[in-house]
1. Which of the lysines could a cross-linker span from Lys84 if the Cα-Cα distance has to be under 20 Å and same-chain partners fewer than 8 positions apart are dropped?
2. Give the relative contact order (percent, whole number) for the chain; include only Cα pairs under 8 Å separated by 6+ residues.
3. Just to be sure I understand the model, the point goes 7 Å from the Cα along the line to the Cβ. What's the resulting Ala98 to Ser175 distance in nm?
4. I need the shape label for the stretch 1-106. Rule: rounded when a/c is under 1.5, else prolate if a/b > b/c, else oblate, with a, b, c from the alpha carbon gyration tensor.
5. Which Cα, out of Thr159, His25, Ser114, lies furthest along the positive dipole direction of the chain (beta carbon charges, K/R +1, D/E -1)?
6. What fraction, in whole percent, of alpha-carbon pairs in the chain exceed 24 Å separation?
7. Within a Cβ distance under 15 Å of His164, other residues only, what is the Lys/Arg minus Asp/Glu net charge?
8. Looking at the chain, identify the longest residue range that excludes and avoids all GluC sites (Glu not before Pro) in DSSP loops having at most 13 other Cβ atoms within 10 Å.
Amino acid sequence: MALKSTIFKAQLQIADMDRALYADHALTLARHPSETDERMMMRLLAFALAVPADTDHGALEFAAGLADPDEPDLWQKDLTGELKQWIEVGQPDDRRLAKACGRADKVRIWSYSSSTPIWWSGIENKVARLANLEVWQIDAAESQALAAMAERSMQLQVTVQEGHLYVGNGRDSVSLEPRRLKEIQTRR
């Protein structure tokens, strides 16, 4: 018998001073049976850091991710169905990233494992030409502290200021300092 996903509810308050974005979101996350709390919380963090200020160009949504190899963890499609953002957490291979960059305007990766430096050194040169790819690293200890905040029903506050992230739930808080490994290249 197949295991079912576990449902989590999150009330997310975002105060992103770097983007002048202040919003509240009521989210439902389905945690795949093979997914850890750490990975699920990284998906939630990726949502908070990429959600657009308005839905004029489509809403950011959780996609099938682990359940479907052709979908990312999150995506934003405009009203015509064109992919604006493709977001994954973890360490996808270079072929998957190249395919995603061909399908979406912007591709973002959030890696959080202690093995990120090894993964990145293996694919950095292979993805250097992908102009619309952005890669971020969250320290493993920080992502594990974030995972400790996972509950079936969560109320989280995410504050972003000068590149520093603070996530709190009323009892605990975690400070995160994302490190950009690859920046999106703008055309001149």
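All of the numbers you see were taken from the coordinates with simple rules; none came from a lab. Note that this is a predicted model, so its numbers are computed, not measured. Reconstructed Cβ throughout: ideal geometry from the backbone, glycine too, with neighbour counts over all protein chains shown.
1. Result set, ordered by chain and number: Lys99, Lys106, Lys182.
2. On the way: 361 pairs, mean separation 40.4, N = 188.
The normalised contact order for the chain reaches 21 percent.
3. Spacing of the two 7 Å Cα→Cβ label points: 4.2 nm.
4. Numbers: a/c = 1.74, a/b = 1.11, b/c = 1.56.
It comes out oblate by the Cα gyration axes.
5. Ser114
6. Working: 6403 of 17578 pairs.
Here the tail beyond 24 Å accounts for 36 percent of pairs.
7. Working: positive: Arg19, Arg179, Arg180; negative: Asp16, Asp18, Asp139, Glu142, Glu162, Glu177.
My count for the surroundings of His164 gives -3.
8. Details: sites that count: Glu82, Glu151, Glu162, Glu183.
Of all site-free stretches, the longest is 1-81.
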